[in-house]
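The values are calculated or read from the model by the stated rules, or taken from the named source; none is laboratory data. These numbers were taken from a predicted model, which means no experiment stands behind them. Ideal geometry is used to build each Cβ from the backbone, glycine not excepted, and the neighbour counts take in all protein chains shown. Just the protein is used for accessible areas: all its heavy atoms, side chains included, with ligands, DNA and RNA removed. Shrake-Rupley method; radii C 1.70, N 1.55, O 1.52, S 1.80 Å.
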Amino acid sequence: MNGEAFLAHKRYIWVNGPVIVGAGPSGLSVGACLEEQGVPFIILERANCIASLWQNYTYDRLKLHLPKQFCQLPNFSFPKSFPQYPSKDQFIDYLESYADHFDIHPRLNLNESVRSAKYDKTCGLWRVETVSTDGSTQVGVEYICRWLVVAAGENAEKVVPDFEGLAEFGGSVIHACDYRSGESYQGKRVLIVGSGNSGMEVSLDLCNHNAIPSMVVRSSVHVLPRAVLGKSTFELAVSMMKWLPLWIVDKLLVIIARIILGNIEKYGLRRPSKGPLELKNTEGKTPVLDIGALQNIKSGEIKIVPGIKRFSRDRVELVNGENIEVDSVILATGYCSNVPSWLKENEFFSINGYPRTPFPNGWKGNAGLYAVGFTRRGLSGASMDAIRVAEDIGKLWKEETKHKNGSVSIACHRRHPSQC
């Protein structure tokens, strides 16, 4: 659709509260906290459901990597019947219950993709343009609001590297977001590109389905045991951080990992020079919490290979000169933020789609702009941001409206509001 056609079919909607972009855990958390303060809001979500990454783009065997007490959203605990590490389906059920409990669905606009969001200095308001499909017709809406909450998250778009010769490969090539299980890979030689938690778990799942996986490890990686003497490694680290500086906790975690897991470098898994917590805080690289893949690496069932030089028909040449035959490729190469593609602002967010100010102060920008879910600290970091954002907006909203309760005020018309 060209610009003129888009404008011709556009509606304009005034929102008496914030517009939240994204209905994942971050957006739901903000909505729930605002609901408790009586602040009206709407959530815009491009997919057809909440938590679309979890519902549509995760493998079947996925479980939360951290104990449930570190993953619950604000003001709503996991059911006591849930295990310490809830499954994918259990977490989705939890999120649906969360949305129901805080009555979020009536304020949720699904299948509505944000095309652009920019601040209008003339009237001091945000203009958020969206497009949705109604049958065969595209419908444009421009929301006008005082506050904009960016909750699209760190994992909005898959990262697909450009490898030489990949188009000539001939075999199946998918991103890990499209992988469900290893059932269809039985007996196949599968190259997994990426050695993070997803790469490790996909490799393990392929082993369990009698595939022949090789995992590309291009750089150093921290591998930690998921638990130490029955206690979550993450929980142990959090406890130690209350009494010890980060660098000491990092050293202790590496020592513990060496004692429990042994020397993993002889299997091709080099440890980074930075400690696991420092690396997570500074570069956003999450340590691998081992749930069984390492044993398969040690036994040779998962082969570790170096970086890729180029692909050719049914083969891949590695940087060390080795050539191996491959039937399928799974790209466990992660995700990235898509904020720069639609947010017309470059002061608060950097070019890579993250707030320029690091945690814990990266949740608030200027002119009513907020961010939730960009802390690189998982669900707990998103929850912390959501609480701060909702409290700040709630205070401002109550001061501006002079009343405790409100509702979304909507004005729909076709003329372009050139002036506010």
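So, in segment 289-311, exactly how many residues are assigned to a strand (DSSP E or B) and open to solvent by 40 Å² or more (accessible area, probe 1.4 Å)? So that I can check it myself, show each step before the final result.
To start, the set of residues in segment 289-311 that are assigned to a strand (DSSP E or B) comprises 289-290, 303-305, 308-311.
Now drop any that are not open to solvent by 40 Å² or more (accessible area, probe 1.4 Å), which leaves 303, 309-310.
Going through segment 289-311 one residue at a time, the tally reaches 3.
What residue, among those in segment 265-278 that are touching a His at 6+ places or on another chain (Cβ under 7 Å) and either assigned to a loop (DSSP other than H, G, I, E, B) or hydrophobic (A, V, I, L, M, F, W, C) (or both), is most open to solvent (accessible area, probe 1.4 Å)? Spell out how you get there, then give the answer.
At the first step, the residues of segment 265-278 found to be touching a His at 6+ places or on another chain (Cβ under 7 Å) are 271-272, 276.
In the following step, the residues that additionally are either assigned to a loop (DSSP other than H, G, I, E, B) or hydrophobic (A, V, I, L, M, F, W, C) (or both) were identified as 271-272.
Numbers: Arg271: 46, Pro272: 20 Å².
Among them, the one singled out is Arg271.
Name, by its number, the condition in (1) open to solvent by 10 Å² or more (accessible area, probe 1.4 Å); (2) in contact (Cβ under 8 Å) with a residue 12 or more places away in the chain; (3) among the polar types (S, T, N, Q) that does not hold for Ser239.
Result: Ser239 fails condition (2) only.
Checking Cys49 against (1) crowded, with 18+ Cβ neighbours inside 10 Å; (2) touching a helix residue (DSSP H, G or I) at 6+ places or on another chain (Cβ under 8 Å); (3) at pLDDT 95 or above, only one condition comes out false. Which one?
(1)
Among the listed residues Gly22, Gly17, Gly31, which satisfies the condition of being touching a Lys or Arg at 6+ places or on another chain (Cβ under 7 Å) and within 20 Å of Asp385 (Cα to Cα)? Quick ask: steps written out before the conclusion?
Numbers: Gly22 fails: touching a Lys or Arg at 6+ places or on another chain (Cβ under 7 Å); Gly17 fails: touching a Lys or Arg at 6+ places or on another chain (Cβ under 7 Å).
Within the list Gly22, Gly17, Gly31, the selection yields Gly31.
Quick check on my filter: what residues within segment 312-341 are open to solvent by 40 Å² or more (accessible area, probe 1.4 Å) and part of a loop (DSSP other than H, G, I, E, B)?
Arg313, Asp314, Val319, Asn320, Gly321, Glu322, Asp327
Need the failing condition index for Thr282 against (1) surrounded by 19 or more Cβ atoms within 10 Å (Cβ to Cβ); (2) part of a helix (DSSP H, G or I), just the number.
(1)
So is Arg388 closer than 26 Å to Lys121 by Cα, open to solvent by 50 Å² or more (accessible area, probe 1.4 Å) and modelled with pLDDT of 90 or more or not? So that I can check it myself, show each step before the final result.
Numbers: closer than 26 Å to Lys121 by Cα: yes; open to solvent by 50 Å² or more (accessible area, probe 1.4 Å): yes; modelled with pLDDT of 90 or more: yes.
For Arg388, the condition - closer than 26 Å to Lys121 by Cα, open to solvent by 50 Å² or more (accessible area, probe 1.4 Å) and modelled with pLDDT of 90 or more - is met.
Which members of segment 131-158 meet the condition of being open to solvent by 40 Å² or more (accessible area, probe 1.4 Å), part of a loop (DSSP other than H, G, I, E, B) and either within 22 Å of Val15 (Cβ to Cβ) or modelled with pLDDT of 95 or more (or both)?
Arg146
From (1) under 26 Å from the mean Cα position of the chain (by Cα); (2) part of a helix (DSSP H, G or I); (3) not aromatic (Phe, Trp, Tyr), pick out the condition that doesn't hold for Arg180.
With respect to (1) under 26 Å from the mean Cα position of the chain (by Cα); (2) part of a helix (DSSP H, G or I); (3) not aromatic (Phe, Trp, Tyr), Arg180 is out only on (2).
Can you work out which of the residues in segment 242-255 that are in a helix (DSSP H, G or I) and open to solvent by 40 Å² or more (accessible area, probe 1.4 Å) is nearest to Ala293 (Cα to Cα)?
At the first step, the residues of segment 242-255 found to be in a helix (DSSP H, G or I) are 246-255.
Subsequent filtering for residues that are open to solvent by 40 Å² or more (accessible area, probe 1.4 Å) retains 246-248, 251-252, 254-255.
Values: Leu246: 28, Trp247: 27, Ile248: 27, Lys251: 23, Leu252: 23, Val254: 18, Ile255: 20 Å.
It comes out as Val254.
Which count do you get for residues in segment 218-229 that are within 28 Å of the chain's Cα centre (by Cα) and either open to solvent by 60 Å² or more (accessible area, probe 1.4 Å) or farther than 21 Å from Gln84 by Cβ (or both)? Write out each step before concluding.
Within segment 218-229, the first condition is being within 28 Å of the chain's Cα centre (by Cα), and the residues that meet it are 218-228.
Next, from what is left, pick out any that are either open to solvent by 60 Å² or more (accessible area, probe 1.4 Å) or farther than 21 Å from Gln84 by Cβ (or both): 218-222, 226.
Residues that pass the stated criteria total 6.
With respect to Val173, is the statement that it is of a type in the set (A, V, I, L, M) and open to solvent by 40 Å² or more (accessible area, probe 1.4 Å) true? Let's see the steps before the verdict.
On the way: of a type in the set (A, V, I, L, M): yes; open to solvent by 40 Å² or more (accessible area, probe 1.4 Å): yes.
Here the answer is yes, as Val173 does meet what is asked.
Just give me the residues in segment 36-46 being assigned to a loop (DSSP other than H, G, I, E, B) and surrounded by fewer than 17 Cβ atoms within 10 Å (Cβ to Cβ), in sequence order.
Going residue by residue through segment 36-46, those that are assigned to a loop (DSSP other than H, G, I, E, B) are 37-41, 45-46.
Selection gives Gln37, Gly38.
Output the residue which, of all residues in segment 114-125 that are more than 25 Å from the chain's Cα centre (by Cα) and within 30 Å of Ala382 (Cα to Cα), is surrounded by the most Cβ atoms within 10 Å (Cβ to Cβ).
Keep residues of segment 114-125 that are more than 25 Å from the chain's Cα centre (by Cα), which gives 119-125.
With the extra rule that they be within 30 Å of Ala382 (Cα to Cα), the set shrinks to 119-121, 124-125.
Details: Tyr119: 19, Asp120: 14, Lys121: 8, Gly124: 11, Leu125: 21.
The selected residue is Leu125.
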